[in-house]
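Every number in this text was worked out from the coordinates using simple rules, so none of it is lab data. Values in this document were obtained by computation on a predicted structure and should not be read as measured data. Note that each Cβ is placed from the backbone with ideal geometry, even for glycine, and that neighbours are counted across all protein chains shown.
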Amino acid sequence: MFATLSDRLADTFKNLRGKGRLSEADIDATAREIRIALLEADVALPVVKEFVGAVKERARGEEVSGALNPAQQIIKIVNEELVAILGGETRRLRYAKSGPTVIMLAGLQGAGKTTLAAKLALWLKEQGKSPVLVACDLQRPNAVKQLQVNGERAGVPVFAPEPGNAQGVEHGGDPVRVARDSIEEAKRKLYDVVIVDTAGRLGVDAELMQQASDIRDAVRPDEVLFVVDAMIGQDAVVTAQAFLDGVGYDGVVLTKLDGDARGGAALSIASLTGRPVMFASNGEKLTDFDLFHPDRMASRILDMGDMLTLIEQAEKSFDSEQAMKAAAKLSGQGGEFTLDDFLEQMQQVRKLGSMSKIMGMLPGMGQFREQLENFDEREIDRIQAIIQSMTPAERANPKMIDGSRRARIAKGSGRMVSDVNQLVDRFFEARKVMMQMARGGGMPGMPGMPGMPGLPGAGGKRGKQKAQAKKGKGAKRSGNPAKAAQEAAAAKEKAAAAAANPFGNPDAEPVDYEQAAANLNLPQDFSKFLK
């Protein structure tokens, strides 16, 4: 979503590299580029003015003028200001001290309230809560049915005493009564969180606001969450302010963050309304939902990655026992790392989501955005098909896969023999890299890093000496026959001298070690060990 903004900011920071000090002109030019980047990202004009003003004021201060690296200081300032306009700190749910916690969702039709209600219920269930969904949207056709289906997928009960507008015909159900009855139902069945899904409209109107206010007064929610589509741009701010004035809410939930919109709504709502963004939905799966962390979102915008979210997702998805076994094998303590282990690790990674999303959380991946967007997720399925077409013995020992076996595997997996060859070769390379990393050998293939043999310019003085020795050993002989014969004779004499005196100078005379031992005047019993 923030691709355009990230690219523009990255280009702006590149212009600052190599500068020892920032002049007034540099600060003005940087502020102008940041202003253009934010406006192109559809950020509200008041927010842009406040943001750029804060950056310029801090950039003229002592924290940059006395810095050794002004470009890094400007990035730090922009990062901190982004965190500020996104809400500052992570805002968590407030739970009721007694009785069930009531959470009411409000927003326009099409913002994704019904799907988000199920996502929130599943998230609360994973936190150890016992939630119940309440179907109070009795106007949109099949809204009640949609909530029931999503609740079943999430494994969460749904309270829906009214069928709603199932066939597109107006129904006389009372959403306020349904909401009020849901509290008694929750107390009776000991549910500790009640999530009320309310109706929306295509636009803000008096009827919508009145119904939302009536439901709010009936259930007295502990949290009112405004659900907004992050792709609607500037209109999101107008709608957010209208709901704040008409109904009131405690926090904002951004949906469709995985879309291709410019993301200005996310950067504007918290600053203009004074209400924090609490949750973010960034996919179609029920698990594509989590707390909104302003600092992590700012890091993503500045292409500094989001390693904390990646680690948290890995902790939830990975089987720790399998991971420990794989780590032991890679360090050489638990047997050899096989294609079965490789397949298990690949399946665990898939639990985190799409590969493009995972790679996008790594720092500096903005420069590979086009490759990530064009990555074919089905490639993992093809790799899995090839591995599963092998016999257990072949997966345990890929070295035994000869030409005829590769042809059989290719036929069984519906792939080409070249695909099988490529997978086997890549596996051996990947295993070598992972084993070196597991044993603390560093990342091979990175020029200039110490302790990495076989790389030009890597490994320090010892690596250069080895390279020179290797070069001398494989030097070509002279094309002149007479000179070549002379060189061969000299080399033969040198080899003979080295054999006679392996520890000294090859050009020196051979040493009589028995005579040398006798000259040391050692005890009689000890001298026999030197012979």
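Summary of values
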| read-out | value |
| --- | --- |
| LYS19/GLN241 FRET efficiency (R0 41 Å; Cβ-Cβ; nearest 0.05) | 0.50 |
| Euclidean distance between Cα centres, the range 89-117 to the range 139-165, Å | 17 |
| Sorted peptide list for 222-231, 389-398, 120-129, criterion being average Cβ within 10 angstrom, highest first | 222-231, 120-129, 389-398 |
| Restraint check, LYS129/LYS325; LYS76/LYS119; LYS97/LYS256; LYS187/LYS256; LYS129/LYS189; LYS129/LYS187, Cα-Cα greater than 23 Å | LYS129/LYS325; LYS76/LYS119; LYS97/LYS256; LYS187/LYS256 |
| Mean Cα-pair separation over length for the range 1-159, i.e. relative contact order, pairs under 8 Å, 6 or more apart, % | 16 |
| Packing rank of 425-432, 49-56, 276-283, where each peptide gets the mean count of other beta carbons within 10 Å, highest leading | 276-283, 49-56, 425-432 |
| For ASP290, distant residues with modelled amide H under 5 Å away | ALA280 |
| R0 of 22 Å, Cβ-Cβ distance VAL417-ALA396: FRET efficiency to nearest 0.05 | 0.55 |
| Length gained when the stretch LYS125-ALA54 is fully extended (0.36 nm per residue, less Cα-Cα span) | 21.4 nm |
| Amide hydrogen neighbours beyond the local backbone of THR101, cut-off 5 Å, H modeled | ALA96, VAL193, VAL194 |
